[in-house]
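A quick write-up on the structure given underneath.
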Amino acid sequence: MGKFTAFKLPLKSLGEGVHEFDYKLDKQFFANMENADVRDADLDVHLVVEHHNDIYALAFTISGTVTLLCDRCLDDLVLPIDTTYNINVEYGDDYNDESDDLLVIPQGDNFLNVAYMLYDTVVLAIPIKHVHPLGKCNRAMSALLKKHRAHGTGEDADLQDEMLDSIDEIDSAADAPSDPRWDALRGMGSDSASDGE
């Protein structure tokens with residue numbers, strides 16, 4: 001049995017109408033795709049195929065999480081994925097994927113393997129920068145970065161110091177209890193903003 005046999009969609013045997021399929025993408029799926037960036041995955045895929053007049057309209061919905069390394073602190077970073085992908089498929093003389101919304105496959109293909117469509121859709125939903133939200137990185141690693149980074153001169157060094165200091169301040173502020181007077185003022189600001197809409 002091949003690595004992606006479970007993702008073979010039996011197009012030719014689908015009658016007219018709506019058909020639904022479900023798939024699960026896990027760590028092994030990304031390992032089979034030879035993607036070393038995705039350390040773990042728990043993704044649910046729901047596929048709806050509408051077959052009318054020799055056109056197969058495929059609508060993928062993918063949701064769940066992927067685990068990557070944080071570019072800043074190297075701890076695991078769990079990213080939510082919630083994305084969709086739509087494409088029309090039809091049979092023709094030769095394979096043609098030049099259009100973004102129409103895929104033509106040869107008449108002799110009874111199946112369409114959707115594994116690479118799923119993979120591309122998930123990878124495109126992952127941000128280029130893999131970093132924890134500000135203040136959520138591993139504190140020990142942040143301190144080591146601050147201690148061991150090369151000291152530059154001028155504005156760049158000052159900016160780096162400010163950024164690292166702000167990360168430390170956010171970390172300590174997140175642990176401190178909030179002042180109820182400021183909480184009341186924050187509430188007034190959000191009320192007036194909603195009144196203006």
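The values are calculated or read from the model by the stated rules, or taken from the named source; none is laboratory data. Just so you know, these numbers come straight off a predicted model, no measurement behind them. Methodologically, a virtual Cβ is constructed for each residue, glycine included, from the backbone with ideal geometry; neighbour enumeration extends over all protein chains shown. Calculation scope for accessible area: heavy atoms of the full protein, side chains included, ligands and nucleic acids excluded. Shrake-Rupley method; radii C 1.70, N 1.55, O 1.52, S 1.80 Å.
Looking at this structure, is residue 11 at pLDDT below 95, over 19 Å from residue 118 (Cα atoms) and either touching a Pro at 6+ places or on another chain (Cβ under 8 Å) or surrounded by 14 or more Cβ atoms within 10 Å (Cβ to Cβ) (or both)?
Details: at pLDDT below 95: yes; over 19 Å from residue 118 (Cα atoms): no; either touching a Pro at 6+ places or on another chain (Cβ under 8 Å) or surrounded by 14 or more Cβ atoms within 10 Å (Cβ to Cβ) (or both): yes.
Taking the combined requirement at face value, the residue does not satisfy it.
Condition first: in a loop (DSSP other than H, G, I, E, B), surrounded by 15 or more Cβ atoms within 10 Å (Cβ to Cβ) and touching a strand residue (DSSP E or B) at 6+ places or on another chain (Cβ under 8 Å). Now tell me which residues in the stretch 67-113 satisfy that. Talk me through it step by step, then tell me what you get.
Going through the stretch 67-113, the residues in a loop (DSSP other than H, G, I, E, B) turn out to be 70-75, 93-95, 97-101, 107-111.
Filter again for surrounded by 15 or more Cβ atoms within 10 Å (Cβ to Cβ), leaving 70, 72-73.
Selection gives 70 alone.
Can you find a residue that is farther than 24 Å from residue 16 by Cβ and part of a helix (DSSP H, G or I) anywhere in the stretch 32-46? Reasoning before the result, please.
So the first thing to find is which residues in the stretch 32-46 are farther than 24 Å from residue 16 by Cβ, and the list is 32-44.
From what is left, the residues that are part of a helix (DSSP H, G or I) are 32.
Checking the stretch 32-46: at least one residue is farther than 24 Å from residue 16 by Cβ and part of a helix (DSSP H, G or I).
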Could you tell me whether residue 157 is open to solvent by less than 70 Å² (accessible area, probe 1.4 Å) and at pLDDT 55 or above? no
